[in-house]
Amino acid sequence: MSSAAATLGRRTELFSQGQCGKTHKEARFPLFWQLTMGGQVGRMMWLVHYDVLIVGAGFAGAEAAYALANKGLRVGLLTTSLDSVYLPFTPIRAPFPAGSLLAEVGEDGLKGWILHSRAKYRLENHPRIHLLQLSVTRLLIEGQTVLGVESWEGPRKTAGRVVLAVGSFLAPKLYMGSVVEEAGRLSEAAYPDLYQHLQQLGFSFSSVQAEVPEQDGTPGYRVAYKVFAEGEWEPTSMRLTRLEGLYGVGLCVLGQGSYSQMASEGMRLASLL
Ligand code: FAD
């Protein structure tokens, strides 16, 4: 191996361990390898660079990931908690969007954990989806173009396009009686980093609230959270127009809607990418 190739190989290895240097040129480097090298290196890069990265594995993000992967794209699906992938608060209600993951694994009245385990099984076993637990803290940006994300856990991930599907997890406050938590849903903590980073980038937000009624012995609660302000998201293209290569889907751009609507929006996004 030439010394240049050895250096490239070392950088690639570091990148795959999430320890690569911080410049965006280096962040793009593994893509070059992926495109030009076969065999071992090519397979290793599959773990690092994706066609599309989706932040959030709720109804919108997971549905988009599934549809994109079925179209042949390689998808990185990132979530703060693997235990809440595709997990509804209340039993789901038909009708479900034709051709969706929700229609594939759902039944009218199905409860959360059963739907979650069925959907997660499909997502994890899809050969073009890499589902992993990472809390995204920042976008990787070069000029006005988004190249990937950074995570609290360390690894950086790169992709041709990045989708924010973070639901009710932008600066949420959950109120239950006298208890106040920073959580997007009951027992699902939210971290402030991504929201603060988006604010620093100039994104503006509006405030939304949702009520969850008491059910099956669980007390009711209220969540107040932020969504992208009108004008930040272009509904036809689903782009967050402040940056190139950045898209938004689901509750974080719509503010409200049912599980089925979020799944439909995920499919619509997949049809655009
Ligand atoms: P979510 O389902 O909220 O998913 C967002 C995902 O993003 C989560 O998995 C979270 O872990 C992940 N995430 C967030 N930030 C990060 C980060 N920085 N890095 C990595 N991952 C991240 N609709 C109904 O039809 N029936 C209901 O009963 C119902 N109840 C609701 C109750 C509440 C409190 C709220 C807020 C909404 C409710 N909705 C309900 C409306 C809506 O359909 C659901 O909120 C739906 O789950 C939204 O889907 P989503 O994919 O956009 O976001």
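We did not get these values from a lab; they are worked out from the coordinates using the rules stated. These figures come from a predicted structure and were not determined experimentally. Please note: Cβ atoms are built from the backbone with ideal geometry, for glycine as well, and neighbour counts cover all protein chains shown.
Here are a few things to note about the model shown:
- Each peptide in 103-111, 59-67, 128-136, 212-220 gets a packing score, the mean of other Cβ atoms within 10 Å over its residues, and the list from highest to lowest is 59-67, 128-136, 103-111, 212-220.
- Each residue of segment 59-72 is assigned a 3J(HN,Hα), and the resulting list reads 4, 6, x, 5, 5, 4, 4, 5, 5, 5, 5, 5, 7, x Hz, derived from the Karplus form 6.51 cos²θ - 1.76 cosθ + 1.60 (θ = phi - 60°), x at Gly and Pro.
- Likely footprinting exposure, His49, His116, His197, fewest C-beta neighbours within 10 Å first: His197, His116, His49
- Under a model in which nothing but the beta-carbon of Lys, Arg (+1) and Asp, Glu (-1) is charged, segment 125-236 shows a dipole of about 320 debye around its Cα centre.
- Length released on extending from Lys71 to Ser178, taking residue separation times 0.36 nm less the Cα-Cα span: 33.8 nm
- Close amide H pairs (under 5 Å, H built 1.01 Å from N) link Phe205 with Ala229, residues at least 5 positions away or on another chain.
- Counting only aspartates and glutamates at least 8 places from Lys71 when in the same chain, those with an alpha carbon closer than 18 Å to its own are Asp51, Glu63, Glu104, Glu124, Glu265.
- For segment 59-172, the relative contact order comes to 25 percent (Cα pairs under 8 Å, sequence separation of at least 6).
- Per-residue ³J(HN,Hα) for segment 49-58, Karplus 6.51 cos²θ - 1.76 cosθ + 1.60, θ = phi - 60°, Hz, x for Gly and Pro: 10, 10, 5, 9, 10, 10, 9, x, 10, x
- For Leu110, residues with placed amide H under 5 Å, excluding near neighbours: Ile92
- Each residue of segment 206-211 was assigned a 3J(HN,Hα) from its phi angle through the Karplus curve 6.51 cos²θ - 1.76 cosθ + 1.60 (θ = phi - 60°); the sequence is 10, 9, 9, 10, 9, 10 Hz, with glycine and proline shown as x.
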